[in-house]
Every structure is written in structure tokens, then in C-alpha cells.
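All remarks here apply to the structure that follows.
The values are calculated or read from the model by the stated rules, or taken from the named source; none is laboratory data. As the structure is a prediction and not an experimental result, all values here were calculated from the model. Reconstructed Cβ throughout: ideal geometry from the backbone, glycine too, with neighbour counts over all protein chains shown. With ligands, DNA and RNA removed, areas are computed over all heavy atoms of the protein, side chains included. Shrake-Rupley method; radii C 1.70, N 1.55, O 1.52, S 1.80 Å.
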Amino acid sequence: MLRAVDRVSPFALHPGASHLRVLDQRRLPGEEVWLALDEVEGVAEAIESLAVRGAPAIGCVAALGLAVAARGFPDEPAGFRVALASALQRLARTRPTAVNLFVALDQLAAAAAACGPDASTTALRAALLETAMRHADDDLASCHAIGRFGAPLLPDRGTILTHCNAGALATAGYGTALGVIRRAVELGKQLRVFADETRPVLQGARLTAWELQRDGIDVTVIADNMAGALMAKGEIAAAIVGADRIARNGDVANKIGTYTVAVLCRHHGIPFYVAAPWTTIDRAIASGADIPIEDRGADEVRTHGGRLMTPVDIAVRNPAFDVTPAALVTAIITDRGVVAPGDIATFAG
Ligand code: MRU
């Protein structure tokens, strides 16, 4: 039986609006607060501070935010192009691992270049906006395709483990890993989700739990260190996660802790799936060793809800992502089809 699923999107751009609205994910699940962004610096800070996060959503918000901010760029072409170049550079410095960010910025740069050297600022603004909107539309369509390709891989009933948030909140809507789960549930599969809480920023406990509960999908939060014990008891049928960047050899960079889940899955003979749009595959990168991994501030580890959890100034490490070797990945579910990680370089789709 098909079930209507309530859709969430982390951003909204209403026709003619003077600003981009972004759901502030730092405040979820307690409060639904929308930011109104109309300048490059505000967009960059929203991305850096995780008000918006998740590789595809970062790309969409960077593109749409820049297109909206371009309304305030100088009204003569030379000045406009200088402001555009500086905006592209600023946004490229926000989150180094999420490759979709760079895909989106490259699309905007190419759209401006395609307007030609004599283009008016009106034409440049229109090209940026159209390109950014198409980028977001394409991402949403990709999520639905990923859902369609991935749903048959999940069992008809059972519990699926996910890590971080690769859902509607991390994309233009519907989600990648959670898109596969949504589609499977829409098709009538009786699935329960275990959401790893995902220390240190708790994307699983706060965001995956929030959006699945809102959709009426059976979700249970577990602390990150519980997955192994639950697998050993036979409680987990499969794991599915998103990706921030996939190298040519199929190595996958995703939220810190993903590698641990993949190792546990291998030990327990449980399938470990990665769901990501084709734009997350970076064919320029040979292996995971070359993927830039973002290091984030120490206070994300030291504090919880604004309260210090460690001795003051204690040394901490905070790599935001890890790399799961291709050998631990059962399959990569893309919008072009399901691919064995070793076949990424040659897959025609
Ligand atoms: O630091 P975040 O919250 O941006 O990390 C997000 C993830 O690791 C997601 O799994 C990934 O971006 C895929 S989202 C569809």
C-alpha cells in the first residue's frame, strides 16, 4: 500500500522573494526557526555553523544563496564579476569534504562564463538563479531516483541502522539514505530504523529522529556505541548511510563513525549500503586517502547543549568525517543505478 509521506525541505526560495529561507538545523528538534539570508557572508556562516548541513543541501544552499546575494552585487558587469569571484571563493572555504558544494559552485561559475564577456548584470543574475534552481531541482529528482533504485535492496521487514542524517534535511528533500527507507516504507515494507545518535553534533538523535518521526516512520535512537551489541543480538538487518564524497576506487567519506559501522557490519555479515547522488562521486580523486577531511572546533566535543562535559581546555580531536574503504561497502545506490564500489570508475549508468 502506498503511503503519503510528509516532505521536509531544509530551504525555501519563494518566487520574487528578497531572501533565501533556511531551516536552522542547530535549533532542531526543539524549535523550527527559519533564517532569512540575502548576503554571501550570511550564507557562508550558515553553512560553517551547521545551520544547514548534509553535502547535497550545502550545495543547494550555497548556489541559491549566492544567486539571491547577487541581487546586491554592483550593477556594472566588471564589478559584478569581481563580486561573483569573491563570493565563489568565500563559499568554497566553508566545508571542504562535501563535494556537492564544489559541483554547485562550478555550475554557477560556468553559467556566468557561458553568458559571454559582454553580458549585462541582468543576464548574469538570471543565469545564476536559473542554474541554482536547476541544481536544487536535480538534487530532489536524484533523491527520488535513489529511493527507487535502493528500496528493493532492503528486506520486507526488519530494522535498518543509519548514521548521521542523510535525509530530507540533508538534501533538497526526501533524502538519500532516508530516501531509500522512505521509498521502501511507501512500498509497504515493514521497517524500523535505528538512528545512531552521531556524536559530537547529534545529527542522528536530533535530525534523523525528528524527520522520520514526523513522517510516521518507526524510529529508535541508539547511542553510537550500541550498534555492535545490537548487531550481535541479530537485531539489525542492514545499514544504510549517505556520503560526502566518494573516490574513484569506491572509498566513501561520510560522517565520523561511519567507518566503525561498516567494520561492525562486515564482522556480523550485515549488508552496508551507501546512498548518494552521482554528484557525490569525485572521479578526480583516486582513493579515500586523497579526500580532504574537515577538522572542526574543539567545543563540539567538549560541550553538550552549551554545558562543558570535559575539563576546561582539555585536548580533543574532532575530525568531522572518516573514510570507509570500498571493500567494506556492499553497494553504492546512486540516482543512475546500484553500483559495486569497485565499478564506480567504469559505470556508465
Ligand atoms: O557534518 P554534516 O552534518 O554536514 O555531515 C553530513 C553527513 O555526513 C551526511 O551523511 C552526508 O553529507 C550525506 S547527506 C545526504
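Residue by residue, here is whether (1) hydrophobic (A, V, I, L, M, F, W, C); (2) within 13 Å of the ligand (Cβ to nearest atom) holds:
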residue: Leu154; (1), (2): yes, no
residue: Arg157; (1), (2): no, no
residue: Ile160; (1), (2): yes, no
residue: Asn165; (1), (2): no, yes
residue: Ala170; (1), (2): yes, yes
residue: Ala177; (1), (2): yes, yes
residue: Lys189; (1), (2): no, no
residue: Gln203; (1), (2): no, yes
residue: Arg206; (1), (2): no, yes
Only one of (1) modelled with pLDDT of 95 or more; (2) surrounded by fewer than 21 Cβ atoms within 10 Å (Cβ to Cβ) is not met by Ser18, so which one is it?
(1)
Conditions (1) within 14 Å of the ligand (Cβ to nearest atom); (2) acidic (Asp, Glu); (3) surrounded by fewer than 17 Cβ atoms within 10 Å (Cβ to Cβ): number failed by Glu211:
(3)
With criteria (1) under 23 Å from Val201 (Cα atoms); (2) open to solvent by 30 Å² or more (accessible area, probe 1.4 Å), Asp335 comes up short on (1)
Here are the criteria: (1) touching a residue at least 60 places away in the same chain (Cβ under 8 Å); (2) not in a helix (DSSP H, G or I). Tell me which single one Ala136 does not satisfy.
(2)
Evaluate the following for Ala151: is it closer than 19 Å to Ile281 by Cβ, touching a Lys or Arg at 6+ places or on another chain (Cβ under 8 Å), assigned to a helix (DSSP H, G or I) and not acidic (Asp, Glu)?
no
Check Pro77 against each of (1) open to solvent by 10 Å² or more (accessible area, probe 1.4 Å); (2) in contact (Cβ under 8 Å) with a residue 60 or more places away in the chain; (3) touching a Pro at 6+ places or on another chain (Cβ under 9 Å) and name the one condition it does not meet.
(2)
If you check Cys164 against the conditions, is it hydrophobic (A, V, I, L, M, F, W, C) and on the phi > 0 side of the Ramachandran plot?
yes
Which ones in region 154-164 are open to solvent by 60 Å² or more (accessible area, probe 1.4 Å) and not in a strand (DSSP E or B)?
Asp156
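Residue-wise test of (1) farther than 22 Å from Leu153 by Cβ; (2) open to solvent by 30 Å² or more (accessible area, probe 1.4 Å).
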residue: Tyr273; (1), (2): no, no
residue: Ile281; (1), (2): no, no
residue: Glu300; (1), (2): yes, yes
residue: Ala315; (1), (2): yes, yes
residue: Ala320; (1), (2): yes, no
residue: Phe347; (1), (2): no, yes
Of the residues in region 143-152, how many are away from the ligand (no atom under 15 Å from the Cβ) and open to solvent by less than 10 Å² (accessible area, probe 1.4 Å)?
1
Taking region 118-133 and keeping residues under 17 Å from Ala62 (Cα atoms), in contact (Cβ under 8 Å) with a residue 12 or more places away in the chain and open to solvent by 10 Å² or more (accessible area, probe 1.4 Å) leaves Arg125, Ala127, Leu129, Glu130, Thr131, Met133
Going by the structure shown, is Arg148 among the basic types (Lys, Arg) and either closer than 21 Å to Leu66 by Cβ or within 11 Å of the chain's Cα centre (by Cα) (or both)?
no
